[in-house]
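Take a look at the structure below.
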Amino acid sequence: MATAAIELESELIEEVGETALDPLEFARRFYPWGQGELEQAVGPRKWQAEILGFVRDHLQNPATRFQPCQVAVASGKGIGKSALIAMFINWAMSTCGDCKVVVTANTGTQLATKTVPEVAKWTRLSFNRHWWEVKATSITARQKGHEREWRTDFIPWSAENQEAFSGLHNKDKRMLVIFDEASGIDDVIWNNTQGTFTDENTEIIFLAFGNPTQANGSFRECFGKNAHRWKTYRIDSRTVEGTNHAEQNRQVADHGEDSYHVRIWIRGEFPLVGTDQFIQPDHIEAARHAKVVGHEEMPKILACDVARYGADQTVIGYRQGRKAVILEKLRGKSTVFVAERVIYWQQEEKTDATVIDGDGLGSGTVDQIKARGFTCFEFHGGGTANDEKKYRNRRSEVWGLMRDWFVGGPEIPNDPELAEQLVAPLYSYNSKGQIELETKDEMKERVPSLGSPDCGDMLAMTFAVTIAPKFKAPPPEMYYPGERDTGWMA
């Protein structure tokens, strides 16, 4: 190799090395943006840059660098996820010697005809493409003696052949695992893969991408009961630059905003579950996009559903007339900490009443709030309903009142987690003709991926108390001097 070529190669190696912990900077610097096939692009798309930046921040933080970095992306079609997969692979391989990458997809066909060609294309576009040998089932380093250790393997999964996902180790180096169209990958592969993330001093990155086609399964659980372990993104393809917005809008017009097709393939949201939902999905979807007025003078009722255990979360929010707001979601916090946050929001929002779930750990939060001299109403879902002819218990009753509220056209946060929890519980009539909402445990057993409906229960508890509307004094009566005089002209 000529001296000039050697110097250029040395400069490239040095520049690539500068991005060892920064995949976003790598993607920006080592592709020919604005030229040739990338003529219309100035860099990674906004959503791609956000995820690349999240991984960068994870690796650059000494406290998290050697902890598994797990990212799950549920999206509509055509947003460029395969391009992002390719950027991650090229960065991971280029900036860490003997890096190991494993990629699988929902089917062997998806892997062979879509994922691999797209990765190969982006590898060919990169400035360091000459470092790699790209084959149908692998990408390997051309550096002699490193072909077996420094590589990316595209492996179709099989529940009967799990060994490829049971022995994923690369101690003291870097390991990148990518699931493409992750909804269709069997739970056993997920479990085996995550069970290997035990190496010390190892950069472990697990990325899961897909259209959210399944209401259950491990991919769905990334956004439900296991959300505290994952950084999750839900991407509506209509918000992504470079996609065909006109066609997307035509599909919405054809199928309807809340249709199965639009939810999954455009909005990037999981299908709604259950056939006997207590609250109608169309009411929930309408409320997510509503903007109400005239609620400002209504009482503001704060509620807190306190996490019971494990993957459950504490949710604090309020309802003011026809508008509901989620203020905070917390995990793994003590009753003292939760009480402090409730008191903070009582003062910050100037609430008129506060309702706390008094069952389980919630009783400790109630005690802490009262000990500090603040007031709250203690809610017990298993207690007797005020209208016991109609409802089995208080939890069924407050959900029933919330259901009636939805008919009137309220506004709720445009939060997919809240929407899925509101539509999830089923109901029945018992032998006494009372409405009986299924319990949290029953719902979690029926739909394990959802976890506890903490957001839904928080909102329902705002209906546990009735507060009179605020009295608004009439404006002072005004008249001009002499208008009411009874002087000499009377």
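Descriptive notes on the structure:
- Here the gap between V336 and E296, fully extended at 0.36 nm per residue and compared with their Cα-Cα distance, gives a gain of 11.3 nm.
- With the highest mean first, a sort of the peptides 410-423, 54-67 on other beta-carbon atoms found within 10 angstrom per residue produces 410-423, 54-67.
- Positive minus negative residues near A41 (Lys, Arg vs Asp, Glu; Cβ under 13 Å): 0
- Too-long pairs where the Cα-Cα distance tops 28 Å, listed order kept, from K81/K135; K225/K389; K46/K114; K300/K329; K333/K370; K225/K333: K225/K389
- For q = 0.17 Å⁻¹, Debye-computed log10 I/I(0) when each Cα of segment 381-430 counts as one equal scatterer: -0.60
- Label-point separation, A120 to L38 (7 Å along Cα→Cβ), nm: 2.0
- Gyration tensor analysis over the Cα atoms of the chain returns equivalent ellipsoid semi-axes of 51, 27, 23 Å (largest first, whole Å).
- By the count of neighbouring beta-carbon atoms within 10 Å, fewest first, M458, M402, M87 end up ordered M402, M87, M458.
- Spatially proximal aspartates and glutamates relative to K100 (Cα-Cα < 15 Å; intrachain offsets below 8 disregarded): E133, E147, E149, D153, D172, D199, E203
- A DSSP coil position with no more than 11 other Cβ atoms inside 10 Å describes the following trypsin sites (Lys or Arg not before Pro) in segment 164-226: K171.
- Across the chain, Cα pairs under 8 Å and at least six residues apart give a relative contact order of 14 percent.
- The DSSP beta bridges internal to segment 275-461 are antiparallel in roughly 65% of cases.
- Summed side-chain charge close to A72 - residues other than A72 whose Cβ falls under 14 Å, Lys, Arg +1, Asp, Glu -1: 0
- Within straight-line cross-link reach of K390, aspartates and glutamates at Cα separation under 19 Å, skipping those fewer than 8 residues along the same chain: D276, D404, E436, E438
- A Förster radius of 56 Å, combined with the Cβ-Cβ distance separating E257 from I13, puts the computed FRET efficiency at roughly 0.65.
- For a 4.7 Å threshold on C-beta separation, the list of partnerless cysteines in the chain reads C69, C222, C304, C376, C455.
- Put a plus charge on the Cβ of each Lys and Arg, a minus charge on the Cβ of each Asp and Glu, and nothing anywhere else: the dipole of segment 14-244 about its Cα centre is then about 340 debye.
- Two-decimal log10 I(q)/I(0) for segment 275-461, as the Debye equation yields it once each C-alpha is a single scatterer, q = 0.10, 0.13 Å⁻¹: -0.38, -0.65
- Among K46, K81, the ranking by other beta carbons within 10 Å of each residue's beta carbon, starting with the fewest, stands as K46, K81.
Any read-out appearing in this document is the output of simple, stated calculations on the displayed coordinates, not a laboratory observation. The shown structure was predicted, so the numbers you read here are calculated from the model rather than taken from an experiment. Every residue, glycine among them, receives a Cβ derived from its backbone with ideal geometry; neighbour counts consider all protein chains shown.
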